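Asks: Take this structure, written in structure tokens, and hold onto it; I'll ask about it next.
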Amino acid sequence: MSLDLCILASGSAGNCTLLRAPSGLMLIDAGLGPRTTAKRMDGTGASVRDVRAICLTHLDRDHFSPTWLGTMLNRGIHVYCHRHRRDDVLSMLDHEAVASLVCGFDDAFSPLEGLSIRTVPLAHDSTSSCGFLIEGFGCRIGYATDLGHVPTHLFDHFDSLDVLALESNYDPTMQLQSGRPAFLKRRIMGGSGHLSNDQAYDCVRAILDRAERTSRRLPRHIVLLHRSRECNCPRLLRSLFIRDRRIAQRLTLAEQYERSEWLRVRNAPPLVGEQLALAFG
């Protein structure tokens, strides 16, 4: 039994992550259209026709594309969104037949048999943005993008994880020196926009430190999401995050135009505490 994760796309041009469970396939966000999603799935062993659910972190157009309407109707794909945004999703899709396929969630929901998702409220731009704690089949995945800032309650949810997927959007110096208008810089950096590399690094280390203090498992995979193409770069990210050797051996950088490999999560216990130290000799 396992959960497998594949980041199909991550960034301002579209976000879409494929999750494979023994009970089926689902997407976390659908900011790519179905045709592009289908092409990005080539070689994964999965296809759009196998997708049973789409779970939305929020409704920015880079996280949900209304072009999914036809595929939803043809395939009976359910879309899960925060209950306060259900009417907005229906308005975006603008088709009466889709109402039965759009499901509102609050604190928790179950998009696939044997899989439960608890929501983590986030501050991005408006209310009803959230991260997900995904549990099932002996596995736990923490997924949070477009945070604005790191809320204290995130640490209570993102505990004893097998996969930690977290936004690391911008380098502050590159952001300030960019040609972006001042209002956009304030929005991104003002606590309700995106996380900087330093904020993401501190958050990841705090999660790992807490796991070690409480003798909990450390994630097998640490994935950095939603990297800005204008105000960030892979070299800066890697040079920062590999300072912590716990992160270095687990690190995956999500890309905008290239999918990741399958991040396979088996339910055998990962290394913790003294075991981790012994592994490094």
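Every number in this text was worked out from the coordinates using simple rules, so none of it is lab data. All values derive from a computational prediction rather than experimental measurement. Here the Cβ is made from the backbone with ideal geometry for all residues, glycine too, and neighbour counts use every protein chain on show.
Asks: Amide H neighbours of VAL120 under 5 Å, at least 5 residues apart or on other chains, H built in the peptide plane: list them.
Replies: GLY131, PHE132, LEU133
Asks: What residue among GLY43, GLY11, GLY138 shows peak mean-square fluctuation when the chain is described by a Gaussian network model with Cα springs under 10 Å?
Replies: GLY43
Asks: Which ³J(HN,Hα) values in Hz, rounded to whole numbers, follow from the phi angles of region 96-113 under the Karplus curve 6.51 cos²θ - 1.76 cosθ + 1.60, where θ = phi - 60° and Gly and Pro get x?
Replies: So the Karplus estimates, Gly and Pro as x, are 5, 6, 8, 4, 6, 9, 9, 10, x, 10, 10, 8, 7, 7, 10, x, 9, 4 Hz.
Asks: From the phi of every residue in region 50-63, what ³J(HN,Hα) in whole Hz does the Karplus formula 6.51 cos²θ - 1.76 cosθ + 1.60 yield, where θ is phi - 60° and glycine or proline is x?
Replies: 8, 6, 10, 8, 10, 10, 9, 6, 5, 10, 4, 5, 7, 10
Asks: Then there is this: Can you tell which of THR17, THR36, THR57 shows the greatest fluctuation in a Gaussian network model of the chain with Cα springs below 10 Å?
Replies: Answer for the Gaussian network model of the chain: THR36.
Asks: Could you check what % of the DSSP bridge pairs in region 1-153 are antiparallel, to the nearest 5?
Replies: Around 70 percent antiparallel, to the nearest 5.
Asks: Sort ASP209, ASP62 by Cβ crowding within 10 Å, fewest neighbours at the top.
Replies: By the 10 Å Cβ count, ascending, the order reads ASP209, ASP62.
Asks: Per DSSP H run of at least 4 residues, take -39500 (n - 2.57); add these up for the chain, divide by its residues and hand me the 222 nm value, nearest 500 deg cm²/dmol.
Replies: -7500 deg cm²/dmol
Asks: If amide hydrogens are placed 1.01 Å from N in the peptide plane, which non-local residues have theirs closer than 5 Å to the one on LEU147?
Replies: LEU195
Asks: What residues have an amide H closer than 5 Å to that of ALA9, excluding those fewer than 5 places away on the same chain, when H is modeled at 1.01 Å from N in the peptide plane?
Replies: Under 5 Å from the amide H of ALA9: CYS16.
Asks: I would also like to ask the following. Of all DSSP beta bridges in region 2-279, what percent run antiparallel (nearest 5)?
Replies: 55
Asks: Could you check what % of the DSSP bridge pairs in region 111-256 are antiparallel, to the nearest 5?
Replies: 50
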